[in-house]
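Enquirer: Here it is: the structure, laid out below.
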Amino acid sequence: MATTTNPNSLPIKTANPSKLSIPRNQSNKNAFFTNPSKFRSTKITCTTQLQNPTPTPTTTKPTSQDRVFNFAAGPATLPENVLKKAESELYNWRGCGMSVMEMSHRGKEFLSIIQKAESDLKTLLSIPSDYAVLFLQGGATTQFSAIPLNLCEPNDQVDFLVTGSWGDKAFKEAQKFCKPHFIWSGKSEKYTKIPSFDSLEQNLNARYLHICANETIHGVEFKDYPTPKNKDEILVADMSSNFCSKPVDVSQFGIIYAGAQKNVGPSGVTIVIIRKDLIGNAQKITPVMLDYKIHAENNSLYNTPPCYGIYMCGLVFEDLLEQGGLVEVEKKNKKKAEILYNAIEESEGFYRSPVEKSVRSLMNVPFTLEKSELEAEFIKEAAKEKMVQLKGHRSVGGMRASIYNAMPLAGVEKLVAFMKDFQARHA
Ligand SMILES: Cc1ncc(COP(=O)(O)O)c(C=O)c1O
């Protein structure tokens, strides 16, 4: 039977939600969530039949005017052209008759997708041939335990240079699997700076040094990376929130890891770039899903990977290459950040950045208002102007504008214009 491949002629009629026999409790809309056991045996069925195979009239196509400027820290905004490409391929990926979500992860179609994603990432970051790229699951948080499990024996010492709460979380998790200690923590100064590495007392017996390259909550970013005195000490970096935002010399690191959901794709994919000689020494207790050897030997296909997420990352990598690679991407990111930090500086104290100038993040810009009682109003008014997710992290308050690769310059310009107008009205 011939199947239609034209996405405009989907033989699907939208079900009328009123005909879905979902249990309802009019007096309490959240009844399902407060007492799920009450509904456990109730079947959720759709009573609407797909009777009419004729095409559903196309509704108005969404345009970029329908979209907001999304300043969320992650999951975050994705490039519009990537979303459109994914939309065009959603129903029938390149004529194979199914979407990427439906295809076997071992079939030739998906293999071509994951291999291309890996090879484009290698090109983008000029990843040397003695490094493996792994597409994993579990978020960057899972790497907080996978790293010590793969690199250390339980009594091995490890150094942590902690410049924000993500580094602190990684430290706490490492305590379960090795002997980490702080060579510096910025906690007492509310994570607003990064010390000069050479001034710190280093532990010459440490197996690795862990840093968080960009602290998403506090907006503190390393501008260059430390080189431990002990040449055998491995540098490990959580690059979740500045991954692929600028060129990086991968050879400086033993492991770079990143959740995809800020700069390179949707949540659900975690990327690990690891020097190959570090693979294969996991502690015996290491769960199979945390063992880099298993994933490397199976080209990230030991179990079912997050196929659609990997496909999306691949589209983003293609897009970054089309933009001219990470040198060009960094130029754009610097320009956006400069405009925003200048607006804060030029406000004469109306807006304030808590972070020391030399380590201000190009990706996450936290700021406060001198009149903190106006912050809620700022966020509310910005949302009305289609600039959303500007609330600072619950642990620090204030505002935060995340301006990842996919945030267009126009978004930052609009925010800055709004900030000036807000100041004029409230100064
Ligand atoms: C720098 C950094 N590390 C780790 C994490 C945790 O990532 P995940 O939620 O993917 O586990 C985040 C999340 O925002 C982050 O920003």
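Enquirer: For the stretch 278-427, what does the equivalent ellipsoid look like in terms of its semi-axes, each the square root of 5 times an eigenvalue of the Cα gyration tensor, given largest first in whole Å? All intermediate terms of the calculation are to be shown ahead of the outcome.
Expert: Numbers: eigenvalues 308, 73, 46 Å².
Whole-Å semi-axes of the equivalent ellipsoid: 39, 19, 15.
Enquirer: Name the shape class, rounded, prolate or oblate, that the alpha-carbon gyration tensor gives for the stretch 345-427, where a ≥ b ≥ c are the square roots of its eigenvalues, rounded holds for a/c under 1.5, and otherwise prolate holds if a/b is larger than b/c and oblate otherwise. Each step should come with its number before you reach the end.
Expert: Details: a/c = 1.32, a/b = 1.08, b/c = 1.22.
Taking the square roots of the gyration eigenvalues as a ≥ b ≥ c, the stretch 345-427 is rounded.
Enquirer: Identify all lysines with a Cα-Cα distance to Lys176 below 24 Å; exclude those on the same chain that are fewer than 8 residues away in sequence.
Expert: Answer for Lys176, where 24 Å is the Cα cut-off: Lys187, Lys284, Lys293, listed by chain and number.
Enquirer: Report relative contact order for the stretch 244-320 in percent, whole number only (criteria: Cα-Cα under 8 Å, sequence separation at least 6).
Expert: Numbers: 66 pairs, mean separation 21.6, N = 77.
Result for the stretch 244-320 is 28 percent.
Enquirer: At 7 Å along Cα-to-Cβ for each site, give me the label-to-label distance between Thr141 and Lys172 in nm.
Expert: 1.1 nm
Enquirer: Going by average Cβ neighbours within 10 Å, how do the peptides 250-258, 338-346 rank, with the highest at the top? Kindly include the intermediate steps, with their values, before the conclusion.
Expert: Numbers: 250-258: 20.1, 338-346: 16.2.
Descending packing order for the listed peptides: 250-258, 338-346.
Enquirer: Could I ask something else about it? Which peptide among 203-211, 176-184, 87-95 comes first, and what is the full order, when sorted by highest mean count of other Cβ atoms within 10 Å? Please report the intermediate quantities before stating the final value.
Expert: Working: 203-211: 20.9, 176-184: 18.1, 87-95: 13.4.
Going by the mean number of other Cβ atoms within 10 Å, highest first, we get 203-211, 176-184, 87-95.
Enquirer: Students often forget the sequence filter, so: which aspartates and glutamates lie under 16 Å Cα-Cα from Lys231 once same-chain residues fewer than 8 apart are removed?
Expert: Within the straight-line limit of under 16 Å, Lys231 reaches these aspartates and glutamates: Asp159, Asp198, Glu201, Asp277.
Enquirer: Sequence gap at least 6, Cα distance under 8 Å: using those rules, report the relative contact order of the stretch 168-225 to the nearest whole percent. Mind dumping the intermediate values first?
Expert: Working: 26 pairs, mean separation 15.5, N = 58.
Relative contact order here is 27 percent.
Enquirer: Further, regarding this structure: For the chain, what does -39500 (n - 2.57) per DSSP helix run (n ≥ 4), summed and divided by total residues, give at 222 nm, in deg cm²/dmol to the nearest 500? Spell out each step's value before the answer.
Expert: On the way: 10 runs with 125 residues, N = 427.
Only helices count here, giving -9000 deg cm²/dmol.
Enquirer: Helices from the chain with mean Kyte-Doolittle at least 0.0 and a Cα length along the axis of 20 Å or more, per DSSP H: which?
Expert: Values: long enough: 108-125 (26 Å, 0.04); 307-322 (23 Å, 0.99); 326-345 (27 Å, -0.66); 409-426 (25 Å, 0.14).
Sorted by number, the helices that extend far enough and score high enough are 108-125, 307-322, 409-426.
Enquirer: Then there is this: Tell me, Kirkwood radius of the stretch 110-253 from alpha-carbon pair distances, in Å? Let's see the in-between values first.
Expert: Values: mean 1/r = 0.0623 Å⁻¹.
That comes to 16.1 Å for the stretch 110-253.
Enquirer: Under 17 Å between alpha carbons: how many lysine pairs meet that in the stretch 314-427, if sequence neighbours fewer than 8 apart on the same chain are excluded?
Expert: 19
Enquirer: Moving on. Compute the distance in nm between two label points, each set 7 Å from the Cα along the Cα-to-Cβ direction, one at Ala427 and one at Asp249.
Expert: Between Ala427 and Asp249, the label points sit 4.5 nm apart.
Enquirer: Right, next: Glu109 to Arg94: extension gain in nm, 0.36 nm per residue of separation minus the Cα-Cα distance?
Expert: On the way: separation 15, 0.36 × 15 = 5.40 nm, distance 0.94 nm.
My answer for the length gained is 4.5 nm.
Enquirer: How far, in nm, would the chain grow between Ser395 and Ile339 when pulled straight, counting 0.36 nm per residue and subtracting the alpha carbon separation? Let's see the in-between values first.
Expert: On the way: separation 56, 0.36 × 56 = 20.16 nm, distance 2.61 nm.
In short, 17.6 nm is gained.
Enquirer: Beta carbons within 10 angstrom, averaged per residue: use that to sort the peptides 141-152, 412-423, highest first. Write down the numbers at each step before the final one.
Expert: On the way: 141-152: 23.2, 412-423: 18.1.
For the peptides 141-152, 412-423, the packing ranking is 141-152, 412-423.
Enquirer: From the P(r) of the stretch 249-310, could you give the percentage of C-alpha pairs in the tail past 18 Å?
Expert: On the way: 814 of 1891 pairs.
The proportion of pairs with Cα distances above 18 Å equals 43 percent.
Enquirer: I've got another one for you. Using only Cα atoms, what Kirkwood radius does the chain have, in angstroms?
Expert: On the way: mean 1/r = 0.0418 Å⁻¹.
Evaluated on the chain, it is 23.9 Å.
Enquirer: Taking R0 as 30 Å, what FRET efficiency do you get between Arg352 and Ala410 from their Cβ-Cβ distance, rounded to the nearest 0.05? Could you put the intermediate results ahead of the total?
Expert: Working: r = 25 Å, r/R0 = 0.84.
Computed FRET efficiency for Arg352 and Ala410: 0.75.
Enquirer: Which value in nm describes the separation of the simple spin-label points at Leu374 and Asn230, placed 7 Å from the Cα toward the beta carbon?
Expert: 5.2 nm
Enquirer: Give the separation of the Cα centroids, the stretch 140-200 to the stretch 348-417, in Å.
Expert: That distance is 28 Å.
Enquirer: A further question on this structure: Could you give me the ³J(HN,Hα) list for the stretch 260-267, computed from phi with Karplus coefficients 6.51, -1.76, 1.60 and θ = phi - 60°, whole Hz, x at Gly and Pro?
Expert: Each residue's phi maps through the Karplus curve to give 6, 6, 10, 10, 10, x, x, 5 Hz.
Enquirer: When Lys and Arg each count +1 and Asp and Glu each count -1, what net charge do the other residues less than 11 Å away from Asn230, Cβ to Cβ, add up to? Before the final figure, lay out each step's value.
Expert: Working: positive: Arg207, Lys229, Lys231; negative: Asp159, Asp232, Glu233.
Value of the local net charge: 0.
Every read-out reported here was derived from the displayed coordinates using simple, explicitly stated rules and does not represent laboratory data. From a predicted model like this one, the values you see are computed outputs, not experimental measurements. For neighbour counting, all protein chains shown are included, and Cβ atoms are generated from backbone atoms with ideal geometry for every residue, glycine included.
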